[in-house]
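First the structure, in the form of structure tokens, and then the observations on it.
The values are calculated or read from the model by the stated rules, or taken from the named source; none is laboratory data. Just so it is clear, the structure is predicted and the values come from calculations on it, not from any experiment. Glycine gets a Cβ as well: all are built from the backbone with ideal geometry, and neighbour counts include every protein chain shown.
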Amino acid sequence: MRYGSDVTQLIYVSSASHPMEKRELNALLEVTRRNNERDGITGTLVYSEGNFLEVLEGDTEAVHETFRRILKDTRHGGILVLSERKIKEREFAGWSMGWDSGGAAKGTVAWKLLVSFRRQMREHALRL
């Protein structure tokens, strides 16, 4: 896996287009890990209650190309970028794609961002 000094971290959330079964999530994770290993991308993916939060890290162009592919994926929608920034050191170095759908990430920054996003979306829907 190649690691350059120009590291970009992109964090986004999205909503699944349908409730995803474990086998579907496993297939997604397998392809994601293979592509990320090839492209020098590290990160993590959290799935909870029909919502995704993903962190992508890598060369700026590789992160942007990966995100362009993600935007075209019909398994989810309502994609919202929470953060894009340069980082000095990868937070998920060595992980072609970390994964959590069972709550192991509870208490982590990624989990807190996902919970905050869901709460904000509910509050927004109530105001409509």
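Of Tyr3, Tyr12, all but one fail to be modelled with pLDDT under 90 and either in a loop (DSSP other than H, G, I, E, B) or under 22 Å from Thr74 (Cβ atoms) (or both); the exception is Tyr3. Condition check for Asn26 on (1) free of Cβ contacts under 8 Å to residues at least 12 places away in the same chain; (2) under 20 Å from Ala93 (Cβ atoms): one failure, at (2).
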